[in-house]
1. Enumerate the residues in the stretch 170-188 having an amide nitrogen under 17 Å from the point lying 7 Å beyond the Cα of M198 toward its Cβ.
2. Taking a quarter of the surface of the convex hull around the Cα atoms of the stretch 244-334, what do you get in nm²?
3. If each residue of separation counts as 0.36 nm, what is the full-extension length gain between A429 and E263 once their alpha-carbon separation is subtracted?
4. Looking at this model, which pairs from K383/K455; K386/K421; K386/K594; K121/K594; K352/K383; K352/K386 are more than 18 angstrom apart at the alpha-carbon?
5. Listed highest first by mean packing, meaning other Cβ atoms within 10 Å per residue, what order do 236-249, 449-462 come in?
6. Let me have the relative contact order for the chain, percent, based on Cα pairs under 8 Å that are six or more residues apart.
7. So what J values fall out for the stretch 383-397 if you push phi through Karplus, 6.51 cos²θ - 1.76 cosθ + 1.60 with θ = phi - 60°, rounded to Hz, Gly and Pro as x?
8. Using a 7 Å offset from the Cα along the Cα-to-Cβ direction at both R125 and R186, what is the distance between the two label points in nm, to one decimal?
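The values are calculated or read from the model by the stated rules, or taken from the named source; none is laboratory data. The model shown is predicted, which means the values in this text are computed figures rather than measured ones. Backbone-built Cβ (ideal geometry, glycine too); neighbour counts: all protein chains shown. Note: accessible area is taken over every heavy atom of the protein model, side chains too, but ligands, DNA and RNA are not part of it. Shrake-Rupley method; radii C 1.70, N 1.55, O 1.52, S 1.80 Å.
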Amino acid sequence: MISFVVSRESRNPSRRWSACQSVVTMESCPTGAGHDPPVNRRRPISMRSSVASRPAFSRILCFALVLSLAGCARAPVGSRHEIVLFPAREVVTLDPLHPRVEAVAIAGDSILATGGLEELKAAFRERSFTLDRRFENRVLVPGFINQHEHAWLAAIVMIADIISIEDWVLPDRTIPRAVDGADYRRRLADLVSRHARMNADDVLYTWGYHQLFHGSLSRSDLDEISREIPIVVLQRSMHEMIFNTRALERFGIDKGRVASMPEPARRQTDLENGHFWEQGLFGIVPLVFSDLLAPDRYLPALERVERYWHAAGSTLVAEPGGLVSPALKAMQNQVLGDPETPFRMLYIADGKTLVARHPASRVIAETEKLFGSAEGMTRFLPKQVKLFADGAMFSQLMQMRDGYLDGHRGEWLMQPEVFRKAFRIYWDAGYQIHVHQNGDAGLDLVLDTLEANMKRNPREDHRTVIVHFGFSRPDQVARISRLGAFVSANPFYPVVLANRYSEVGIGPERAEEMVRLGDVVRAGIPLSLHADMPMAPGRPLLLMWSAVNRGTVDGNVVAPEQRISPEQALRAVTIEAARSLRLEDRVGTIEPGKLANITVLAENPLDVDPGTIKDIGVVATIHEGRVLPVR
Ligand SMILES: [Zn+2]
Ligand SMILES: [Zn+2]
């Protein structure tokens, strides 16, 4: 059975790629077979609506061809694009009507047809086409979507020397985790002595330290390792930094500078121990970043991030909260805006900063002003915004209903009254709201606010996204479902944190059930997965593996009932990620009429031993019709 482009109703223009408009028309039907009138096949459907409600496409024998893709950046000039047929060992389409086929036909930037190879050849015998056999022993899946990343955070991982709590596999190196405090200190001392031989004048930046795994670390500990080399330790969460004396001197961080900070920030500093966290970092981050992210480091690091995401099979990257300094944005435009970029990068405005900076009446206008600042292959998703509830998962600063075992307290990233005000502004303007949340009390705030707004000003298809989804309770899962919200989860949290958090701060009952994705899919809630690199490596296959297995870095499995199936995991890094960004009309499945975004794999993630999903080789991607081999 062949599936062709049959119809495309006009869509909301805001959902199209800017300046890219596909025009699809029906050709006369050569078989004369009758078919259903054009149906609204692509109306937004949630996972809960039934596939059976879709039209009986098996009866449609008549096909239409993409006639022109006028004005599209990558469309060759001319009336018709050349057709390229890609046979494969298997094509996993995630199209419910034709879930597994042999081949896909691509014309220009779009998918023209899927089906059996001989059927497609026969269908195109009247037209010239190219048969491209390079993937005939490979498996094609819908192009992976990295639903939540930050280019500058990922770049820091490429720049800093990594000593972390889990293994890191980068294009040029693999860095095993530091298993305990002794291991951490030995590795750091080795790094420092190598650094002293090679570039003694530069600051040594290292990322990945975590006190709950590696023990305490202070300025004097670092001074013991070196008094000559400036050392800056970036904590695993990126929410804390520790300096040695030489580094404090290098950046001019002294009593005077700390005294000049506003009171709440000053309380989150400990100059004696060289430790700065949360708001205490705001005053010194510009000093550190002007060195750490200077153009001669940041530009090549962005190139490496781009190669990393491409090698992971990504064909689309979204950055929620994409509001960086103008200098960093200019560099991102230069690298990620370039037409050779193997994916599009889509920013979602950071509502937290906008609401803090502008009066309520100006917030929407100021949000929309941002949209022009992204260039080339990057752009803002209109009418979407990111807000923040509670603190960092990797620093145990989330807000927990039943608190922490050691009595410490969580933090709010937006104070609840500010959060409620911001939510209302964007809700009433019809925005889709993505909310960062980690603790179950943080989730209560989000769901209470959503429910109140639904009562006050009901909206259909609002797709409010719960982002990260660290801790939740079963009653909250039912509530998410009832309120029609989505979940975008970080499935790597239990892999690295469940065991240690069982012992420290949280306790086993709550820690083992963190990121309860089994309950989410059983409740029929639309689920996507994300990395938020470096909160997890930005590799969709690793995220799938994490959600399917819940195997920890220590080798045990936590809360097996919260695992999801390989197919649910594949959907969560493709079509469901697309749906959470309102892009399901354009990407996320291999279906006629959608953009030709495909990830080419060595094995089928739905058929391999689930324990090996993360090890499947990524051979290439196809991005909007361009074949981009992974080198
Ligand atoms: Zn977040
Ligand atoms: Zn994030």
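1. Those under the cut-off are 170-176, 187-188.
2. So the Cα hull casts an average projection of 7.7 nm².
3. 56.2 nm
4. Pairs exceeding the cut-off: K383/K455; K386/K594; K121/K594.
5. For the peptides 236-249, 449-462, the packing ranking is 236-249, 449-462.
6. Relative contact order of the chain: 15 percent.
7. Values per residue, Gly and Pro as x: 6, 9, 8, 10, 10, 10, 9, 9, x, 6, 5, 7, 10, 6, 10 Hz.
8. Spacing of the two 7 Å Cα→Cβ label points: 7.0 nm.
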